[in-house]
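Here is the structure we will look at, set down as structure tokens.
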Amino acid sequence: MASNARHFALKRRGFSLGTVNPETIFLNEIDAPAAWQQGRAILLKGICLESLGDQAHHIKQSSELHADILRGTEGDELFAAPPYSVRLEGNFEPLGSSSYEGDDQEIETIVYDAVRADKTIAEDLWIKISWLSFYEHDESLRFRFSFGEDWAEDVAADKMRQQHAALLTDAIFPESRCITENAALASVLSEILGSRQIRFVERIVYFNAPEGGAYLHHDHERGHAGVAYAQLTGDTFWLALGREQLVQEIIEFIATCASTESWPAGISRNARGELLALSGDPIALVMELESFANDALIHLINEELDFVQQLIQHGHGQYVRCGDVLLLPQENAQNCCWHSVFCVGEQTGQALSFAIRTN
């Protein structure tokens with residue numbers, strides 16, 4: 001994907017969104033606690049590098065797991081065999097798998113109970129294996145760990161089941177230790193959050209493939225302070241900024257298009273009218289952003305080259321290399337960090353994305 005020695009191309013889900021020079025991205029040191037309060041992403045360069053060597057064997061196993069799922073092997077079959085069965089035995093009892101027909105991204109959900117000495121101590125824990133997008137050339141996958149009724153339960157209210165879902169992640173992906181047993185990361189988070197009681201919950205393991213990557217979104221959820229994202233293999237490029245900053249970027253971009261009468265060709269006449277109306281009503285604009293359902297907004301902020309390049313030029317890009325951790329504050333809806341991801345290079349990269357809680 002690299003266009004020359006210093007630049008690489010941004011391509012995602014069939015859209016070419018220009019190039020970026022990683023040497024120009026966030027080279028200056030920042031005040032981490034202040035950045036967190038402002039809803040800004042915090043890049044911790046190389047903080048996982050030492051852990052990667054210790055976890056190389058598990059990371060290789062996970063790459064093979066990703067390839068097996070792409071070949072159509074069912075997850076419950078894979079997890080019923082070594083090395084997974086060895087780590088699960090005596091701790092997690094499999095209850096079967098299913099696939100929800102109403103979600104075309106879902107591949108398989110595998111359910112477990114946590115057990116100790118043949119006694120059930122936490123019910124209905126699950127791994128949900130899903131495609132990251134509907135784009136046919138995107139082989140990106142995510143393995144999401146939680147419990148109960150998806151999107152309906154207040155996961156922060158049940159700390160015990162949430163913790164056992166986290167332990168299930170450890171059994172399937174032992175390389176989780178790159179985050180959970182990282183003393184340097186714990187020290188940074190303690191300084192930012194003013195607490196040494198850091199726990200990593202609601203865990204996701206990503207495999208970001210070429211042409212894939214997440215669209216702009218946030219991960220704000222009650223009880224969680226933010227997200228720690230660790231790049232274990234490969235590199236990614238991010239756009240990351242607070243919600244209020246994103247709103248102002250959208251308003252500025254639309255105003256420039258209107259004043260110069262030079263709208264991107266991909267924005268239809270009807271979409272122009274809708275975007276103009278929203279740019280004059282920031283409250284309505286926020287509501288439409290939060291809905292994740294407005295086609296005109298989704299297209300503008302994720303699929304238009306000029307808007308993506310505006311965000312990069314205004315300093316909202318982050319180049320995350322193998323061994324880096326990116327911290328994303330999510331404490332409240334007003335200053336939570338919106339973010340999107342691009343795969344860099346021709347190889348699929350593995351990453352961990354764990355929610356942070358302190359209570």
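Restricting attention to segment 257-274 and to residues that are in a helix (DSSP H, G or I) and of a type in the set (D, E, K, R), the residue that is most open to solvent (accessible area, probe 1.4 Å) turns out to be 269.
Of all residues in segment 206-228, those being more than 18 Å from residue 175 (Cβ to Cβ), in contact with a strand residue (DSSP E or B) (Cβ under 8 Å, 6 or more places away or on another chain) and either part of a loop (DSSP other than H, G, I, E, B) or of a type in the set (Phe, Trp, Tyr) (or both) number 14. Listed by first and then second residue, the pairs linking a residue in segment 32-55 that is in contact (Cβ under 8 Å) with a residue 40 or more places away in the chain to a residue that is basic (Lys, Arg) and open to solvent by 60 Å² or more (accessible area, probe 1.4 Å), with Cβ atoms under 9 Å apart and 6 or more places separating them unless they lie on different chains, are 45/321; 46/321; 51/177; 54/177; 55/177. If the condition is being among the polar types (S, T, N, Q) and either modelled with pLDDT under 95 or open to solvent by less than 50 Å² (accessible area, probe 1.4 Å) (or both), then segment 108-143 contributes 109, 130, 133, 140. Checked against the criterion of being hydrophobic (A, V, I, L, M, F, W, C), more than 29 Å from residue 69 (Cβ to Cβ) and either open to solvent by 40 Å² or more (accessible area, probe 1.4 Å) or outside any helix (DSSP H, G or I) (or both), the candidates 283, 254 yield just one match: 283. Applying the set (1) without any contact (Cβ under 8 Å) to a residue 60 or more places away in the chain; (2) touching a helix residue (DSSP H, G or I) at 6+ places or on another chain (Cβ under 9 Å); (3) surrounded by fewer than 21 Cβ atoms within 10 Å (Cβ to Cβ) to residue 235 leaves exactly one unmet item: (1). Filtered by the rule that a residue be closer than 20 Å to residue 143 by Cα and more than 15 Å from the chain's Cα centre (by Cα), segment 324-347 gives a lone residue, 347. All of 23, 64, 89 fail the test of being at pLDDT below 90 and not polar (S, T, N, Q), apart from 23.
With a requirement of 3 or more residues that are open to solvent by less than 90 Å² (accessible area, probe 1.4 Å) and aliphatic (A, V, I, L, M), the helices (runs of 4 or more DSSP H) lying completely within segment 28-107 that satisfy it span 32-37, 56-70. Checked against (1) under 13 Å from residue 354 (Cα atoms); (2) open to solvent by 40 Å² or more (accessible area, probe 1.4 Å); (3) part of a helix (DSSP H, G or I), residue 175 passes all but a single condition, namely (2).
Which ones in segment 342-359 are open to solvent by less than 10 Å² (accessible area, probe 1.4 Å) and either charged (D, E, K, R) or closer than 26 Å to residue 266 by Cα (or both)? Listed by number, the residues that qualify are 342, 343, 357. All of (1) touching a helix residue (DSSP H, G or I) at 6+ places or on another chain (Cβ under 8 Å); (2) modelled with pLDDT of 95 or more hold for residue 218 with one exception: (2). Is it the case that some residue within segment 192-205 is assigned to a helix (DSSP H, G or I) and open to solvent by 10 Å² or more (accessible area, probe 1.4 Å)? Yes, some residue in segment 192-205 is assigned to a helix (DSSP H, G or I) and open to solvent by 10 Å² or more (accessible area, probe 1.4 Å).
Residues in segment 206-225 that are small (Gly, Ala, Ser) and over 23 Å from residue 159 (Cα atoms) were compared, and the one that is surrounded by the fewest Cβ atoms within 10 Å (Cβ to Cβ) is 214. Applying the criterion of being among the hydrophobic types (A, V, I, L, M, F, W, C) and within 17 Å of residue 213 (Cα to Cα) to the residues of segment 288-306, the residue that is surrounded by the fewest Cβ atoms within 10 Å (Cβ to Cβ) is 292.
For segment 310-323, taking the residues that are under 21 Å from the mean Cα position of the chain (by Cα) and not in a loop (DSSP other than H, G, I, E, B), the one that is farthest from residue 249 (Cα to Cα) is identified as 320.
Residue count for segment 108-141, restricted to those that are in a loop (DSSP other than H, G, I, E, B) and within 26 Å of the chain's Cα centre (by Cα): 9. Being small (Gly, Ala, Ser), out of contact with any strand residue (DSSP E or B) (no Cβ under 6 Å at 6 or more places or on another chain) and not in a helix (DSSP H, G or I) is a property that does not hold for residue 277.
For segment 317-336, the tally of residues that are closer than 18 Å to residue 237 by Cβ, open to solvent by less than 20 Å² (accessible area, probe 1.4 Å) and out of contact with any Lys or Arg (no Cβ under 7 Å at 6 or more places or on another chain) stands at 8.
The values are calculated or read from the model by the stated rules, or taken from the named source; none is laboratory data. No experiment lies behind these values; they were computed from the predicted model shown. Neighbour counts are summed over all protein chains in view; Cβ atoms, including those assigned to glycine, are modelled from backbone coordinates with ideal geometry. Ligands, DNA and RNA are excluded from the accessible area calculation, which covers all protein heavy atoms including side chains. Shrake-Rupley method; radii C 1.70, N 1.55, O 1.52, S 1.80 Å.
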